[in-house]
Amino acid sequence: MTPGLLGGLSLLAALIFSLLGLALAVLAQLLRDGRYLEAARRLSALTFAAALLSFAALEWAILTDDFSVSYVAGHSSLHNPLWVKLVTPWAALEGSILLWAMLQAAYTWLVGLRVGKSLDSWRAPSALGTLFAVQVFFFAVMVFVAHPFDAVPNPPPDGRGTNPLLQNHWMMAVHPVLMYLGFVGLSVPFAYAVAAMVARRYQSWIVETRWWTLVAWGFLTAAIFTGKWWSYEILGWGGYWAWDPVENASIIPWLLATAFLHTAQVQERKGLFKGWNFAFITLAFAATVFGTFLTRSGVIQSVHAFASGPVGAWFLLFLLGVLAGGLGLLARSSAEIREAGEVRWASREGALLAGALFFGTFAFVVVLGTLWPLLVEAVSGAKVSIGAPFFNQVSAPLGVFMLLLMGIGPVLPWRHTQAQVQRNLLAMLLALGVGLLIGLGLGLTLGVSLAIGLFAYNLTAIWLMVAQGVRERARSLGISSSQALLELAASHKRRFGSHIVHFGVALAALAIAFSQTYRVTEQKTLSLGETWQTRGLEVRLLAIQAREEANRFAVLAPIEVRSTSREGWGADGRYQTRLNFYPQMASPIATPVVRYTPYNDYYFVLMQFDQEKGQWATLKLIVTPMVWWLWVAGFVIVLGTLYILWPSGVRVAGSKAAPVAGD
């Protein structure tokens with residue numbers, strides 16, 4: 001059996017299994033018959049197996065250079081390195097949808113394993129039915145519109161090759177998969193929300209839904225940071241976030257999921273914000289479909305976007321269906337939802353709601369800014385552009401508000417304020433003021449000085465919360481502070497993991513403030529052996545070389561860098577800048593060399609070279625402070641998320657009796 005035939009048959013089988021699973025889930029819901037539910041659960045495993053087999057068949061076709069398969073002929077080549085062939089399945093439209101569908105089937109199977117455990121029989125049919133319905137859409141799109149296994153009547157001797165931007169950095173083996181794991185993962189909380197509204201059980205769904213959302217949120221966070229790194233390493237502009245429309249599409253569901261994670265805490269503890277939680281999780285999943293629509297419809301231009309194709313209308317209809325279904329159920333349920341009490345803004349729940357509304361507002365602004373040029377062109381025919389300056393101006397004040405709330409929220413108690421809380425707030429405001437004054441005293445800009453103050457403010461909040469909890473536990477149990485800290489960290493993973501995440505966010509904000517404000521770019525044409533002295537560096541062009549590689553032609557310009565002052569600390573070494581020429585592209589792709597240090601990043605780019613005699617080259621130098629700390633911050637945020645999700649062992653003796661501040 002050929003890879004194309006195997007892939008096509010398994011794809012069709014996955015669609016049939018999904019349709020049967022959907023039908024059985026509906027029957028289980030209508031007839032309240034556990035036999036139908038069990039059959040649907042088993043079909044989820046068969047669907048995943050069929051999807052996995054189809055994906056494996058595509059990999060088989062690519063690895064064996066089977067150009068009789070349309071996807072391989074259009075997006076692979078004999079000359080591609082092995083690692084490029086392994087990531088080619090998600091390098092274009094049809095393969096990326098297959099990856100999405102396979103991951104969707106995997107999540108559905110995992111949810112099926114929860115039936116009869118945390119997922120009760122009242123909600124399970126609707127939850128599984130919703131996930132099967134999502135699967136039906138994706139498998140149907142592939143079978144009827146974007147089939148990756150279409151046969152090529154006269155196979156070419158070689159394919160057209162993979163997108164060169166995906167061949168230029170190994171991170172593209174990681175970033176898209178993380179993004180899909182996050183996007184697809186949000187379908188599970190959406191399914192749980194639908195099931196809760198169908199079953200009219202508005203409280204019991206929140207605990208496990210919050211866990212699934214945190215899983216998806218963690219993948220999205222990792223995807224956003226790895227995407228930033230890819231942009232920084234490969235595009236040659238020295239930045240990491242350009243507010244590109246597809247970048248925006250990735251952050252919108254992240255913002256809405258973040259909003260849900262905050263208000264879900266309140267519902268779990270106090271029974272409040274049920275309606276908000278249903279809305280946030282519906283919009284978060286809808287935002288993933290919206291982002292997919294933008295990427296695959298051809299309505300926007302982006303280095304991340306796939307070529308325009310016939311799937312855009314399908315995704316638009318699916319988006320409208322998700323919104324109509326989720327918000328329609330919420331409208332029906334709104335009359336039945338009863339909140340457990342009133343919200344006081346000067347309390348923990350008030351701060352959490354304010355933070356969630358902030359994230360929702362931020363998401364709305366990003367959607368509006370992304371779509372505004374399209375709306376203007378559709379109405380008036382005029383072409384307008386909304387780029388990074390607009391988003392930076394809007395996000396700066398919103399970021400300040402977020403950091404203020406992030407510090408104050410955990411300090412506030414539930415329902416009412418206390419004297420200790422007031423002392424903590426005074427200490428935090430003092431830290432904010434001191435940090436601001438230190439920045440201004442060093443001659444830094446107001447914005448960067450404020451970022452320093454907000455970092456100190458949040459660091460103080462975390463310290464006060466941890467110190468108070470340790471002090472109370474040590475006193476109540478008569479143990480040492482170090483033992484109390486270890487026991488609290490082990491028994492209150494959510495609280496301590498949140499502290500780690502908040503610290504990472506504050507550190508990221510500080511790094512962004514410095515790197516965006518003090519980035520410097522210079523450019524100079526050097527002859528062979530010539531030295532360029534700038535920014536505390538001495539840069540010497542050593543040679544210009546040509547190299548023929550399996551999948552590309554490269555021009556290399558090795559340089560030697562020596563630091564001559566404190567400003568250039570850490571940049572010493574020999575580096576090899578290069579331009580890569582690919583058959584599929586008329587223009588070369590610059591491959592920057594980045595020297596990372598905790599103080600400055602030194603970013604060298606080969607811009608041009610002497611094509612006749614090889615006697616000169618134009619180099620660009622970008623010096624950016626504190627970018628290294630942005631990647632540290634991303635790692636810290638993901639680490640904090642993993643800490644929250646990590647299964648707890650046996651609870652420490654006495655942990656229930658001992659209080660922890662803010663818990």
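The values are calculated or read from the model by the stated rules, or taken from the named source; none is laboratory data. Model, not experiment: these values are computed from the prediction. As a convention, Cβ positions derive from the backbone with ideal geometry for all residues, glycine included, and neighbour counts pool all protein chains shown. Side chains included, ligands, DNA and RNA excluded: accessible areas come from the protein's heavy atoms. Shrake-Rupley method; radii C 1.70, N 1.55, O 1.52, S 1.80 Å.
Points worth noting:
- Between LEU398, LEU405, the distinction of being within 23 Å of TYR240 (Cα to Cα) and either touching a residue at least 24 places away in the same chain (Cβ under 8 Å) or not small (Gly, Ala, Ser) (or both) belongs to LEU398 only.
- Number of positions in the range 375-393 that are aliphatic (A, V, I, L, M), touching a residue at least 12 places away in the same chain (Cβ under 8 Å) and either part of a loop (DSSP other than H, G, I, E, B) or not assigned by TED's automatic domain parsing to the domain that holds ALA363 (or both): 2
- Among the residues listed as PRO164, PRO153, PRO157, the single one being closer than 30 Å to THR591 by Cβ and either free of Cβ contacts under 8 Å to residues at least 12 places away in the same chain or open to solvent by 30 Å² or more (accessible area, probe 1.4 Å) (or both): PRO157
- Checked against (1) in a helix (DSSP H, G or I); (2) more than 22 Å from LEU507 (Cα to Cα); (3) out of contact with any Pro (no Cβ under 6 Å at 6 or more places or on another chain); (4) assigned by TED's automatic domain parsing to the domain that holds LEU261, ALA356 passes all but a single condition, namely (2).
- Looking only at residues of the range 33-45 that are part of a helix (DSSP H, G or I) and charged (D, E, K, R), we find that the one that is most open to solvent (accessible area, probe 1.4 Å) is ARG35.
- Hey, SER70 of a type in the set (Gly, Ala, Ser) and within 29 Å of the chain's Cα centre (by Cα) or not: no
Here is a yes/no grid of residues against (1) over 34 Å from the mean Cα position of the chain (by Cα); (2) without any contact (Cβ under 8 Å) to a residue 40 or more places away in the chain:
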site: LEU425; (1), (2): no, yes
site: ALA431; (1), (2): no, yes
site: GLY443; (1), (2): yes, yes
site: PHE455; (1), (2): no, no
site: ILE462; (1), (2): no, no
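- The one condition in (1) modelled with pLDDT under 95; (2) open to solvent by less than 40 Å² (accessible area, probe 1.4 Å) that LEU30 fails to fulfil: (2)
- Looking only at residues of the range 17-43 that are among the small types (Gly, Ala, Ser), touching a residue at least 24 places away in the same chain (Cβ under 8 Å) and touching a helix residue (DSSP H, G or I) at 6+ places or on another chain (Cβ under 6 Å), we find that the one that is nearest to ALA105 (Cα to Cα) is SER18.
- Cross-chain or 6+ apart pairs with Cβ under 9 Å, the range 192-203 first and in contact (Cβ under 8 Å) with a residue 12 or more places away in the chain, then open to solvent by 50 Å² or more (accessible area, probe 1.4 Å) and among the acidic types (Asp, Glu): ARG200/GLU336; TYR202/GLU336; GLN203/GLU268
- Residue match in the range 575-595 (condition: in contact (Cβ under 8 Å) with a residue 24 or more places away in the chain and more than 28 Å from ASN163 (Cβ to Cβ)): no
- Screening the candidates LEU128, LEU103 for the property of being in contact (Cβ under 8 Å) with a residue 12 or more places away in the chain, in contact with a Lys or Arg (Cβ under 8 Å, 6 or more places away or on another chain), buried (at least 18 other Cβ atoms within 10 Å of the Cβ) and not β-branched (Val, Ile, Thr) yields one hit, LEU128.
- Screening the range 576-622 for residues that are out of contact with any strand residue (DSSP E or B) (no Cβ under 6 Å at 6 or more places or on another chain) and charged (D, E, K, R) and picking the one that is surrounded by the most Cβ atoms within 10 Å (Cβ to Cβ) gives LYS613.
- Filtered by the rule that a residue be in a strand (DSSP E or B) and touching a helix residue (DSSP H, G or I) at 6+ places or on another chain (Cβ under 9 Å), the range 616-639 gives VAL623, THR624, PRO625.
- Residues that are open to solvent by 10 Å² or more (accessible area, probe 1.4 Å) and at positive phi occur at least once in the range 554-575.
- For VAL174, the conditions (1) under 21 Å from ASN392 (Cβ atoms); (2) of a type in the set (A, V, I, L, M, F, W, C); (3) open to solvent by 20 Å² or more (accessible area, probe 1.4 Å) are fulfilled apart from (1).
- For the condition open to solvent by 10 Å² or more (accessible area, probe 1.4 Å), in a helix (DSSP H, G or I) and not basic (Lys, Arg), TYR71 does not qualify.
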